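The values are calculated or read from the model by the stated rules, or taken from the named source; none is laboratory data. Every value quoted in this text rests on a predicted model; they were computed, and no experiment measured them. Glycine also receives a Cβ, built like all others from the backbone with ideal geometry; neighbour counts cover every protein chain displayed. Calculation scope for accessible area: heavy atoms of the full protein, side chains included, ligands and nucleic acids excluded. Shrake-Rupley method; radii C 1.70, N 1.55, O 1.52, S 1.80 Å.
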Amino acid sequence: RTTMKSLRFISAEAFVSNAEFARKSLGAVAHDLFPLLFKASYLLEQGEVIHDLVENWPLFDFNMGKLLGATLDYQEDLSHRTCSVCLESCLTGLRDYVLNQSSPYMKKLRVVDLTGIKDVEVQFCKCKKTMGRWARTQLLSKLCSELLVYLQQAQCNPGTFEISINVLIDLFVTERNYDLVVQALLKKCSCPLKICCVAFRSDNLTLQKFFYIIKLTDPSLLRKLEIVHNVHLEMEHLEMLFNSIHFPLLMSLTLPARTFNVRRFTATDEQMLANIGEKMGEMTQLTELSMSFSILTGRIQKLLSPLKTPLKMLDVSNCSLNHADMAFLANSFHANHLEALDLSGHDLPELYPSTFFKLLSHCSSVLRSLTLEDCNIQDTHVNMLILGLSPCQKLQEFKFIGNPLSSQALKHLFTFLCELPMLKNVEFPVPRDCYPIGITYPIDDASLCRYDHQKYERVAEELNLILLQANREDVKASTPLFGSYDAAVQETNNELGAYLIKSFKETLEKFTTSFNKMS
(Lines give C-alpha, C1' and ligand atoms only; values in the text may rest on other atoms or scores of the structure.)
Protein backbone atom coordinates (compact mmCIF):
# COMPACT_ATOMS: atom_id res chain seq x y z
CA ARG A 1 0.00 0.00 0.00
CA THR A 2 1.52 3.28 -1.12
CA THR A 3 0.71 6.51 0.68
CA MET A 4 0.07 9.63 -1.36
CA LYS A 5 2.67 12.41 -1.05
CA SER A 6 2.01 16.08 -1.72
CA LEU A 7 4.13 18.00 -4.19
CA ARG A 8 5.68 19.80 -1.18
CA PHE A 9 6.75 16.47 0.34
CA ILE A 10 8.18 15.18 -2.96
CA SER A 11 10.17 18.43 -3.23
CA ALA A 12 11.38 18.03 0.37
CA GLU A 13 12.56 14.47 -0.40
CA ALA A 14 14.44 15.72 -3.47
CA PHE A 15 16.06 18.48 -1.38
CA VAL A 16 17.28 16.20 1.47
CA SER A 17 18.29 13.29 -0.79
CA ASN A 18 21.48 15.20 -1.62
CA ALA A 19 22.82 15.43 1.93
CA GLU A 20 25.81 17.64 1.15
CA PHE A 21 23.69 20.20 -0.74
CA ALA A 22 20.90 20.14 1.89
CA ARG A 23 23.31 20.73 4.79
CA LYS A 24 24.95 23.70 3.05
CA SER A 25 21.58 25.23 2.16
CA LEU A 26 19.84 24.97 5.58
CA GLY A 27 20.68 28.58 6.47
CA ALA A 28 18.40 29.79 3.66
CA VAL A 29 15.44 27.56 4.59
CA ALA A 30 12.26 29.13 6.02
CA HIS A 31 11.48 28.16 9.62
CA ASP A 32 8.12 26.59 8.83
CA LEU A 33 9.74 24.11 6.40
CA PHE A 34 11.90 22.45 9.07
CA PRO A 35 9.17 19.96 10.17
CA LEU A 36 8.53 18.96 6.54
CA LEU A 37 12.26 18.45 5.85
CA PHE A 38 12.64 16.51 9.10
CA LYS A 39 9.96 13.95 8.16
CA ALA A 40 11.35 13.61 4.61
CA SER A 41 14.88 13.07 6.04
CA TYR A 42 13.56 10.50 8.51
CA LEU A 43 11.79 8.59 5.74
CA LEU A 44 14.96 8.51 3.63
CA GLU A 45 17.20 7.85 6.68
CA GLN A 46 19.38 10.85 5.95
CA GLY A 47 21.17 10.87 9.32
CA GLU A 48 23.47 13.84 8.62
CA VAL A 49 20.59 16.04 7.44
CA ILE A 50 18.50 15.04 10.49
CA HIS A 51 21.42 15.99 12.76
CA ASP A 52 21.81 19.43 11.16
CA LEU A 53 18.06 20.12 11.16
CA VAL A 54 17.90 19.46 14.92
CA GLU A 55 21.15 21.33 15.58
CA ASN A 56 19.64 24.43 13.94
CA TRP A 57 16.02 23.91 15.00
CA PRO A 58 14.35 27.34 14.83
CA LEU A 59 11.02 26.59 16.55
CA PHE A 60 9.87 26.57 20.19
CA ASP A 61 9.14 22.85 20.37
CA PHE A 62 10.32 19.59 18.83
CA ASN A 63 7.68 16.86 19.19
CA MET A 64 8.73 13.52 17.63
CA GLY A 65 5.21 12.06 17.69
CA LYS A 66 3.73 15.04 15.82
CA LEU A 67 6.66 15.45 13.42
CA LEU A 68 6.60 11.79 12.37
CA GLY A 69 2.83 11.26 12.60
CA ALA A 70 0.30 11.60 9.78
CA THR A 71 0.50 15.04 8.13
CA LEU A 72 -1.33 16.66 5.22
CA ASP A 73 1.82 16.35 3.09
CA TYR A 74 2.41 12.68 3.87
CA GLN A 75 -0.25 10.59 5.64
CA GLU A 76 1.99 7.70 6.69
CA ASP A 77 2.84 7.58 10.40
CA LEU A 78 6.61 7.03 10.84
CA SER A 79 6.61 7.19 14.67
CA HIS A 80 6.93 3.38 14.85
CA ARG A 81 10.26 3.50 12.99
CA THR A 82 12.84 3.37 15.75
CA CYS A 83 15.66 3.58 13.23
CA SER A 84 19.03 3.72 15.02
CA VAL A 85 20.63 6.02 12.41
CA CYS A 86 17.77 8.55 12.61
CA LEU A 87 17.35 8.54 16.39
CA GLU A 88 21.06 8.80 17.15
CA SER A 89 21.28 11.72 14.69
CA CYS A 90 18.36 13.39 16.46
CA LEU A 91 19.87 13.10 19.92
CA THR A 92 23.41 14.13 18.93
CA GLY A 93 21.86 17.02 16.99
CA LEU A 94 20.13 18.08 20.19
CA ARG A 95 23.44 18.08 22.09
CA ASP A 96 25.06 20.13 19.31
CA TYR A 97 22.11 22.56 19.32
CA VAL A 98 23.29 23.59 22.80
CA LEU A 99 26.96 23.78 21.77
CA ASN A 100 26.55 25.44 18.34
CA GLN A 101 27.35 29.12 18.83
CA SER A 102 27.41 29.99 15.12
CA SER A 103 23.86 28.92 14.22
CA PRO A 104 22.10 31.62 12.14
CA TYR A 105 18.89 30.95 14.09
CA MET A 106 17.90 32.32 17.50
CA LYS A 107 17.77 29.58 20.11
CA LYS A 108 14.05 29.36 20.82
CA LEU A 109 13.75 25.64 21.58
CA ARG A 110 12.19 24.97 25.00
CA VAL A 111 10.57 21.53 24.82
CA VAL A 112 11.67 18.31 23.13
CA ASP A 113 9.11 15.48 23.33
CA LEU A 114 10.48 11.99 22.58
CA THR A 115 7.50 10.14 24.09
CA GLY A 116 5.66 9.67 20.77
CA ILE A 117 8.14 7.06 19.53
CA LYS A 118 6.52 3.60 19.36
CA ASP A 119 8.53 0.38 19.66
CA VAL A 120 7.12 -2.34 17.39
CA GLU A 121 8.18 -5.81 16.26
CA VAL A 122 8.57 -5.26 12.50
CA GLN A 123 10.84 -2.43 11.38
CA PHE A 124 10.81 -1.01 7.86
CA CYS A 125 13.97 1.09 8.00
CA LYS A 126 16.75 0.21 5.53
CA CYS A 127 19.49 -0.02 8.18
CA LYS A 128 17.44 -2.72 10.03
CA LYS A 129 19.03 -1.54 13.28
CA THR A 130 16.67 -0.23 15.91
CA MET A 131 17.17 1.97 18.95
CA GLY A 132 14.73 0.81 21.60
CA ARG A 133 13.56 2.56 24.73
CA TRP A 134 16.47 1.26 26.85
CA ALA A 135 19.07 2.43 24.30
CA ARG A 136 17.37 5.84 23.98
CA THR A 137 17.51 6.19 27.78
CA GLN A 138 21.19 5.21 27.71
CA LEU A 139 22.17 7.59 24.89
CA LEU A 140 20.29 10.63 26.22
CA SER A 141 21.80 10.14 29.71
CA LYS A 142 25.28 9.76 28.19
CA LEU A 143 24.88 12.92 26.06
CA CYS A 144 23.66 14.95 29.06
CA SER A 145 26.67 13.87 31.11
CA GLU A 146 29.12 14.58 28.25
CA LEU A 147 27.52 17.97 27.64
CA LEU A 148 28.07 18.99 31.27
CA VAL A 149 31.71 17.87 31.21
CA TYR A 150 32.31 19.82 27.99
CA LEU A 151 30.62 22.98 29.32
CA GLN A 152 32.74 22.85 32.47
CA GLN A 153 36.00 22.44 30.56
CA ALA A 154 35.53 24.63 27.47
CA GLN A 155 35.28 28.40 27.07
CA CYS A 156 31.62 28.71 26.14
CA ASN A 157 29.47 31.65 25.25
CA PRO A 158 27.72 32.81 28.48
CA GLY A 159 24.40 32.46 26.61
CA THR A 160 24.95 28.70 26.42
CA PHE A 161 24.41 28.37 30.19
CA GLU A 162 21.05 30.14 29.87
CA ILE A 163 19.70 27.49 27.50
CA SER A 164 17.08 25.36 29.23
CA ILE A 165 15.31 22.62 27.29
CA ASN A 166 12.91 20.12 28.87
CA VAL A 167 13.39 16.73 27.22
CA LEU A 168 10.29 14.57 27.78
CA ILE A 169 11.17 10.89 27.61
CA ASP A 170 9.96 7.42 28.66
CA LEU A 171 12.88 6.13 30.75
CA PHE A 172 13.77 2.42 30.88
CA VAL A 173 16.28 1.58 33.62
CA THR A 174 18.00 -1.71 34.42
CA GLU A 175 21.11 -2.58 36.43
CA ARG A 176 23.25 -2.06 33.32
CA ASN A 177 22.38 1.59 32.63
CA TYR A 178 21.42 2.57 36.20
CA ASP A 179 24.61 4.52 37.13
CA LEU A 180 24.57 6.54 33.92
CA VAL A 181 20.90 7.54 34.31
CA VAL A 182 21.38 8.42 38.00
CA GLN A 183 24.29 10.74 37.11
CA ALA A 184 22.21 12.50 34.44
CA LEU A 185 19.24 12.94 36.81
CA LEU A 186 21.42 14.17 39.68
CA LYS A 187 22.95 16.90 37.48
CA LYS A 188 19.67 17.89 35.83
CA CYS A 189 19.69 21.40 37.37
CA SER A 190 23.06 22.33 35.83
CA CYS A 191 22.48 20.73 32.42
CA PRO A 192 20.85 22.72 29.57
CA LEU A 193 19.11 19.47 28.51
CA LYS A 194 16.79 18.58 31.37
CA ILE A 195 15.49 15.01 31.41
CA CYS A 196 11.77 15.04 32.25
CA CYS A 197 10.58 11.50 32.89
CA VAL A 198 6.98 11.00 31.77
CA ALA A 199 7.00 7.19 31.94
CA PHE A 200 9.37 4.98 33.93
CA ARG A 201 10.04 1.26 33.46
CA SER A 202 12.28 -0.62 35.84
CA ASP A 203 13.58 -4.17 35.23
CA ASN A 204 16.33 -6.11 36.95
CA LEU A 205 17.01 -3.63 39.78
CA THR A 206 17.49 -4.03 43.51
CA LEU A 207 14.77 -2.40 45.63
CA GLN A 208 17.29 0.04 47.12
CA LYS A 209 18.28 1.29 43.66
CA PHE A 210 14.66 1.43 42.49
CA PHE A 211 13.60 3.57 45.47
CA TYR A 212 16.57 5.89 44.97
CA ILE A 213 16.10 6.49 41.25
CA ILE A 214 12.31 6.83 41.35
CA LYS A 215 12.71 9.82 43.69
CA LEU A 216 15.20 11.42 41.27
CA THR A 217 12.77 11.22 38.34
CA ASP A 218 10.40 13.84 39.82
CA PRO A 219 7.39 11.56 40.47
CA SER A 220 5.01 14.54 40.33
CA LEU A 221 5.40 14.46 36.51
CA LEU A 222 5.15 10.68 36.12
CA ARG A 223 2.21 9.37 34.08
CA LYS A 224 3.19 5.74 33.71
CA LEU A 225 5.08 3.47 36.13
CA GLU A 226 6.09 -0.09 35.21
CA ILE A 227 7.90 -2.21 37.79
CA VAL A 228 8.36 -5.48 35.95
CA HIS A 229 10.93 -8.30 35.91
CA ASN A 230 13.35 -9.03 38.74
CA VAL A 231 12.36 -6.14 40.97
CA HIS A 232 11.35 -7.92 44.17
CA LEU A 233 8.62 -5.52 45.20
CA GLU A 234 6.22 -7.01 47.72
CA MET A 235 3.17 -5.50 49.36
CA GLU A 236 5.01 -3.84 52.27
CA HIS A 237 7.42 -2.17 49.80
CA LEU A 238 4.50 -0.93 47.70
CA GLU A 239 2.91 0.60 50.81
CA MET A 240 6.25 2.28 51.63
CA LEU A 241 6.46 3.60 48.07
CA PHE A 242 2.95 5.09 48.16
CA ASN A 243 3.44 6.51 51.67
CA SER A 244 6.72 8.25 50.80
CA ILE A 245 6.03 9.42 47.23
CA HIS A 246 3.01 11.09 45.65
CA PHE A 247 2.09 10.40 42.02
CA PRO A 248 -0.57 13.02 41.26
CA LEU A 249 -0.51 12.53 37.45
CA LEU A 250 -0.06 8.73 37.38
CA MET A 251 -2.38 7.19 34.77
CA SER A 252 -0.89 3.71 34.40
CA LEU A 253 0.60 1.33 36.98
CA THR A 254 2.17 -2.10 36.35
CA LEU A 255 3.27 -4.15 39.35
CA PRO A 256 5.64 -7.15 39.26
CA ALA A 257 4.52 -10.76 39.69
CA ARG A 258 3.83 -11.84 43.29
CA THR A 259 3.44 -8.32 44.68
CA PHE A 260 0.41 -9.64 46.58
CA ASN A 261 -0.12 -13.08 48.12
CA VAL A 262 -3.30 -13.28 50.20
CA ARG A 263 -2.65 -16.94 51.12
CA ARG A 264 -0.25 -15.85 53.84
CA PHE A 265 -2.15 -12.75 54.96
CA THR A 266 -2.30 -11.62 58.59
CA ALA A 267 -4.56 -8.90 60.06
CA THR A 268 -1.68 -6.43 59.52
CA ASP A 269 -1.51 -7.42 55.85
CA GLU A 270 -5.25 -6.82 55.44
CA GLN A 271 -4.79 -3.30 56.78
CA MET A 272 -1.79 -2.79 54.51
CA LEU A 273 -3.86 -3.83 51.48
CA ALA A 274 -6.61 -1.40 52.48
CA ASN A 275 -4.01 1.40 52.81
CA ILE A 276 -2.65 0.64 49.33
CA GLY A 277 -6.21 0.78 47.95
CA GLU A 278 -6.76 4.18 49.59
CA LYS A 279 -3.46 5.51 48.23
CA MET A 280 -4.45 4.37 44.73
CA GLY A 281 -7.78 6.11 45.29
CA GLU A 282 -5.87 9.39 45.74
CA MET A 283 -4.37 8.94 42.25
CA THR A 284 -7.27 10.60 40.49
CA GLN A 285 -5.76 10.11 37.01
CA LEU A 286 -5.19 6.33 37.37
CA THR A 287 -7.03 4.47 34.57
CA GLU A 288 -4.69 1.53 33.80
CA LEU A 289 -3.73 -1.17 36.29
CA SER A 290 -1.77 -4.38 35.76
CA MET A 291 -1.25 -6.83 38.65
CA SER A 292 -0.67 -10.17 36.89
CA PHE A 293 0.59 -13.28 38.74
CA SER A 294 -0.31 -12.00 42.19
CA ILE A 295 -2.64 -14.01 44.43
CA LEU A 296 -5.60 -11.73 45.10
CA THR A 297 -8.37 -14.21 45.93
CA GLY A 298 -11.33 -12.37 47.49
CA ARG A 299 -9.49 -9.02 47.77
CA ILE A 300 -10.25 -7.24 44.47
CA GLN A 301 -13.00 -5.17 46.07
CA LYS A 302 -10.77 -4.01 48.91
CA LEU A 303 -8.09 -2.94 46.45
CA LEU A 304 -10.23 -1.34 43.73
CA SER A 305 -13.30 0.08 45.50
CA PRO A 306 -11.44 3.21 46.76
CA LEU A 307 -10.63 4.22 43.14
CA LYS A 308 -12.56 7.34 42.17
CA THR A 309 -11.76 7.22 38.45
CA PRO A 310 -13.01 4.27 36.37
CA LEU A 311 -10.32 1.97 35.01
CA LYS A 312 -9.94 1.71 31.22
CA MET A 313 -7.37 -1.10 31.36
CA LEU A 314 -7.24 -3.95 33.87
CA ASP A 315 -4.86 -6.92 33.85
CA VAL A 316 -5.60 -9.45 36.60
CA SER A 317 -4.26 -12.47 34.71
CA ASN A 318 -3.31 -15.47 36.89
CA CYS A 319 -4.47 -13.72 40.07
CA SER A 320 -6.58 -16.65 41.43
CA LEU A 321 -9.78 -14.60 41.45
CA ASN A 322 -12.88 -16.16 43.01
CA HIS A 323 -16.60 -15.63 42.36
CA ALA A 324 -16.78 -12.63 44.71
CA ASP A 325 -13.95 -10.91 42.82
CA MET A 326 -15.63 -11.48 39.45
CA ALA A 327 -19.00 -10.33 40.82
CA PHE A 328 -17.39 -7.11 42.09
CA LEU A 329 -15.79 -6.44 38.69
CA ALA A 330 -19.04 -7.15 36.82
CA ASN A 331 -21.07 -4.81 39.05
CA SER A 332 -18.45 -2.08 39.60
CA PHE A 333 -18.45 1.26 37.81
CA HIS A 334 -15.20 0.18 36.11
CA ALA A 335 -17.07 -2.40 34.00
CA ASN A 336 -18.69 0.15 31.67
CA HIS A 337 -15.33 1.82 30.91
CA LEU A 338 -12.96 -1.13 30.37
CA GLU A 339 -11.27 -0.83 26.96
CA ALA A 340 -8.65 -3.53 27.68
CA LEU A 341 -9.22 -6.56 29.89
CA ASP A 342 -6.97 -9.54 30.67
CA LEU A 343 -8.49 -12.41 32.68
CA SER A 344 -6.02 -15.11 31.56
CA GLY A 345 -5.36 -18.07 33.82
CA HIS A 346 -8.91 -18.29 35.22
CA ASP A 347 -11.29 -21.16 34.51
CA LEU A 348 -14.06 -18.84 33.31
CA PRO A 349 -16.60 -21.38 31.98
CA GLU A 350 -16.35 -23.57 35.10
CA LEU A 351 -16.02 -21.10 37.97
CA TYR A 352 -18.15 -18.06 37.06
CA PRO A 353 -19.63 -18.24 33.55
CA SER A 354 -22.65 -15.97 34.13
CA THR A 355 -20.63 -13.34 36.04
CA PHE A 356 -17.96 -13.25 33.34
CA PHE A 357 -20.55 -12.76 30.58
CA LYS A 358 -22.21 -10.04 32.66
CA LEU A 359 -18.85 -8.25 32.88
CA LEU A 360 -18.35 -8.71 29.13
CA SER A 361 -21.79 -7.27 28.34
CA HIS A 362 -21.13 -4.21 30.54
CA CYS A 363 -17.84 -3.37 28.80
CA SER A 364 -18.92 -4.47 25.30
CA SER A 365 -19.61 -0.94 23.99
CA VAL A 366 -16.02 0.24 24.66
CA LEU A 367 -13.90 -2.96 24.76
CA ARG A 368 -10.93 -2.84 22.35
CA SER A 369 -8.66 -5.61 23.67
CA LEU A 370 -9.62 -8.90 25.34
CA THR A 371 -7.14 -11.54 26.53
CA LEU A 372 -8.44 -14.93 27.71
CA GLU A 373 -5.36 -17.19 27.62
CA ASP A 374 -5.39 -20.52 29.50
CA CYS A 375 -9.05 -20.07 30.51
CA ASN A 376 -10.20 -23.66 29.82
CA ILE A 377 -12.48 -22.51 26.97
CA GLN A 378 -13.55 -25.73 25.21
CA ASP A 379 -15.58 -26.58 22.09
CA THR A 380 -18.80 -26.69 24.12
CA HIS A 381 -18.29 -23.07 25.19
CA VAL A 382 -17.72 -21.55 21.73
CA ASN A 383 -21.39 -20.69 21.00
CA MET A 384 -21.71 -18.97 24.36
CA LEU A 385 -18.45 -17.09 23.72
CA ILE A 386 -19.72 -15.92 20.31
CA LEU A 387 -22.90 -14.69 21.98
CA GLY A 388 -20.84 -12.77 24.56
CA LEU A 389 -18.52 -11.25 21.95
CA SER A 390 -21.25 -10.24 19.46
CA PRO A 391 -21.96 -6.83 21.07
CA CYS A 392 -18.19 -6.06 21.23
CA GLN A 393 -18.22 -4.15 17.93
CA LYS A 394 -15.15 -2.05 18.83
CA LEU A 395 -12.94 -5.07 19.60
CA GLN A 396 -9.55 -4.70 17.87
CA GLU A 397 -7.59 -7.48 19.57
CA PHE A 398 -8.58 -10.91 20.85
CA LYS A 399 -6.00 -13.28 22.37
CA PHE A 400 -6.98 -16.77 23.52
CA ILE A 401 -3.82 -18.91 23.35
CA GLY A 402 -3.70 -22.03 25.55
CA ASN A 403 -7.38 -23.02 25.38
CA PRO A 404 -8.32 -26.66 24.52
CA LEU A 405 -10.17 -25.91 21.27
CA SER A 406 -10.38 -28.24 18.26
CA SER A 407 -9.69 -27.21 14.65
CA GLN A 408 -13.44 -27.34 13.95
CA ALA A 409 -14.27 -25.05 16.88
CA LEU A 410 -11.60 -22.57 15.78
CA LYS A 411 -13.07 -22.45 12.25
CA HIS A 412 -16.53 -21.79 13.72
CA LEU A 413 -15.09 -19.02 15.92
CA PHE A 414 -13.11 -17.44 13.06
CA THR A 415 -16.23 -17.32 10.86
CA PHE A 416 -17.82 -15.20 13.60
CA LEU A 417 -14.70 -13.06 14.21
CA CYS A 418 -14.85 -11.90 10.57
CA GLU A 419 -18.02 -10.01 11.54
CA LEU A 420 -16.27 -7.77 14.11
CA PRO A 421 -15.58 -4.65 12.00
CA MET A 422 -12.67 -3.19 14.01
CA LEU A 423 -10.77 -6.46 14.64
CA LYS A 424 -7.09 -6.28 13.66
CA ASN A 425 -5.22 -8.90 15.71
CA VAL A 426 -6.11 -12.46 16.77
CA GLU A 427 -3.85 -14.81 18.73
CA PHE A 428 -5.28 -18.34 18.62
CA PRO A 429 -4.14 -21.62 20.20
CA VAL A 430 -2.60 -24.64 18.51
CA PRO A 431 -5.71 -26.84 17.99
CA ARG A 432 -6.18 -29.57 20.58
CA ASP A 433 -6.27 -32.23 17.83
CA CYS A 434 -2.71 -31.27 16.79
CA TYR A 435 -1.40 -32.49 20.18
CA PRO A 436 -1.07 -36.15 21.22
CA ILE A 437 -4.23 -37.73 22.68
CA GLY A 438 -4.38 -37.32 26.45
CA ILE A 439 -2.58 -33.95 26.64
CA THR A 440 -3.61 -32.03 29.75
CA TYR A 441 -4.27 -28.29 29.98
CA PRO A 442 -2.70 -25.91 30.82
CA ILE A 443 0.11 -27.43 28.75
CA ASP A 444 3.53 -27.33 30.43
CA ASP A 445 6.46 -25.65 28.66
CA ALA A 446 8.14 -28.98 27.89
CA SER A 447 5.10 -30.22 25.90
CA LEU A 448 4.15 -26.90 24.31
CA CYS A 449 6.03 -27.51 21.04
CA ARG A 450 5.27 -31.23 20.81
CA TYR A 451 2.43 -31.02 18.32
CA ASP A 452 1.89 -32.03 14.69
CA HIS A 453 3.40 -28.99 12.96
CA GLN A 454 2.21 -29.98 9.48
CA LYS A 455 -1.39 -30.37 10.67
CA TYR A 456 -1.17 -27.02 12.47
CA GLU A 457 0.06 -25.31 9.28
CA ARG A 458 -2.89 -26.79 7.34
CA VAL A 459 -5.38 -25.54 9.95
CA ALA A 460 -3.72 -22.10 10.10
CA GLU A 461 -4.06 -21.87 6.30
CA GLU A 462 -7.76 -22.77 6.52
CA LEU A 463 -8.32 -20.13 9.20
CA ASN A 464 -6.58 -17.49 7.09
CA LEU A 465 -8.70 -18.58 4.12
CA ILE A 466 -11.85 -17.90 6.18
CA LEU A 467 -10.53 -14.36 6.78
CA LEU A 468 -9.60 -13.97 3.12
CA GLN A 469 -13.00 -15.09 1.84
CA ALA A 470 -14.68 -12.59 4.14
CA ASN A 471 -12.41 -9.80 2.77
CA ARG A 472 -10.65 -9.50 6.13
CA GLU A 473 -7.01 -9.40 4.98
CA ASP A 474 -6.64 -6.60 7.53
CA VAL A 475 -6.81 -9.14 10.38
CA LYS A 476 -3.48 -10.63 11.51
CA ALA A 477 -3.88 -14.14 12.98
CA SER A 478 -0.96 -15.85 14.75
CA THR A 479 0.04 -18.32 17.46
CA PRO A 480 2.88 -16.83 19.55
CA LEU A 481 3.37 -19.86 21.83
CA PHE A 482 5.72 -18.08 24.21
CA GLY A 483 3.76 -14.84 24.51
CA SER A 484 3.22 -11.72 22.44
CA TYR A 485 6.09 -9.53 21.34
CA ASP A 486 7.38 -7.27 24.12
CA ALA A 487 9.80 -4.63 22.84
CA ALA A 488 11.30 -4.01 26.30
CA VAL A 489 11.97 -7.70 26.99
CA GLN A 490 13.34 -8.18 23.47
CA GLU A 491 15.80 -5.32 23.95
CA THR A 492 17.11 -6.45 27.35
CA ASN A 493 16.71 -10.25 27.15
CA ASN A 494 20.48 -10.88 27.41
CA GLU A 495 20.65 -8.97 30.69
CA LEU A 496 17.51 -10.67 32.05
CA GLY A 497 18.83 -14.08 31.00
CA ALA A 498 22.16 -13.47 32.73
CA TYR A 499 20.32 -12.36 35.89
CA LEU A 500 18.15 -15.51 35.93
CA ILE A 501 21.21 -17.77 35.51
CA LYS A 502 22.96 -15.90 38.35
CA SER A 503 19.87 -16.28 40.60
CA PHE A 504 19.60 -19.98 39.79
CA LYS A 505 23.32 -20.48 40.56
CA GLU A 506 22.99 -18.65 43.92
CA THR A 507 19.93 -20.76 44.85
CA LEU A 508 21.80 -23.94 43.95
CA GLU A 509 24.80 -22.87 46.05
CA LYS A 510 22.54 -22.15 49.06
CA PHE A 511 20.85 -25.53 48.66
CA THR A 512 24.22 -27.33 48.41
CA THR A 513 25.51 -25.50 51.53
CA SER A 514 22.37 -26.42 53.50
CA PHE A 515 22.55 -30.03 52.30
CA ASN A 516 26.23 -30.31 53.30
CA LYS A 517 25.45 -28.93 56.78
CA MET A 518 22.67 -31.52 57.20
CA SER A 519 25.05 -34.27 56.08
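Annotations
- Flag if LEU359 is farther than 20 Å from LEU289 by Cβ, among the hydrophobic types (A, V, I, L, M, F, W, C) and buried (at least 18 other Cβ atoms within 10 Å of the Cβ): no
- GLY132 being more than 14 Å from LEU94 (Cβ to Cβ) and crowded, with 17+ Cβ neighbours inside 10 Å: yes
- Test: residue in segment 432-453 that is under 26 Å from SER354 (Cβ atoms), of a type outside the set (Val, Ile, Thr), out of contact with any strand residue (DSSP E or B) (no Cβ under 9 Å at 6 or more places or on another chain) and in a helix (DSSP H, G or I): yes
- Looking only at segment 370-399, and only at residues there that are in a strand (DSSP E or B) and in contact with a Phe, Trp or Tyr (Cβ under 8 Å, 6 or more places away or on another chain), the one that is farthest from PRO442 (Cα to Cα): LEU370
- Members of segment 74-107 found to be over 30 Å from CYS156 (Cβ atoms), touching a residue at least 60 places away in the same chain (Cβ under 8 Å) and either open to solvent by 30 Å² or more (accessible area, probe 1.4 Å) or not assigned by the TED database to the domain that holds ARG23 (or both), listed by number: GLN75, GLU76
- Every pair of residues 6+ apart whose Cβ atoms lie under 9 Å, when the first sits in segment 401-422 and is within 20 Å of SER365 (Cα to Cα) while the second is charged (D, E, K, R): LEU417/ARG472; CYS418/ARG472; LEU420/LYS394; PRO421/LYS394; MET422/ARG368; MET422/LYS394
- Residue list for segment 370-400, restricted to those being within 27 Å of the chain's Cα centre (by Cα) and open to solvent by less than 20 Å² (accessible area, probe 1.4 Å): LEU370, THR371, LEU372, CYS375, LEU389, CYS392, LEU395, PHE398, PHE400
- Pick from segment 56-72, criterion open to solvent by less than 30 Å² (accessible area, probe 1.4 Å) and in contact with a Phe, Trp or Tyr (Cβ under 9 Å, 6 or more places away or on another chain), ranking: farthest from LYS129 (Cα to Cα): PRO58
A quick yes/no check of all residues on (1) touching a residue at least 12 places away in the same chain (Cβ under 8 Å); (2) out of contact with any helix residue (DSSP H, G or I) (no Cβ under 9 Å at 6 or more places or on another chain); (3) over 18 Å from LEU321 (Cβ atoms); (4) not in a loop (DSSP other than H, G, I, E, B):
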{"site": "PRO256", "(1), (2), (3), (4)": "yes, yes, yes, no"}
{"site": "LEU273", "(1), (2), (3), (4)": "yes, no, no, yes"}
{"site": "GLY277", "(1), (2), (3), (4)": "yes, no, no, yes"}
{"site": "LEU289", "(1), (2), (3), (4)": "yes, no, no, yes"}
{"site": "LYS302", "(1), (2), (3), (4)": "yes, no, no, yes"}
{"site": "PRO306", "(1), (2), (3), (4)": "yes, no, yes, no"}
{"site": "PRO310", "(1), (2), (3), (4)": "yes, no, yes, no"}
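Conditions tested, residue by residue: (1) of a type outside the set (Ser, Thr, Tyr); (2) surrounded by 20 or more Cβ atoms within 10 Å (Cβ to Cβ); (3) within 16 Å of ASP374 (Cα to Cα); (4) touching a His at 6+ places or on another chain (Cβ under 6 Å).
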residue: LYS308; (1), (2), (3), (4): yes, no, no, no
residue: PHE328; (1), (2), (3), (4): yes, yes, no, no
residue: ASN331; (1), (2), (3), (4): yes, no, no, no
residue: ALA335; (1), (2), (3), (4): yes, yes, no, yes
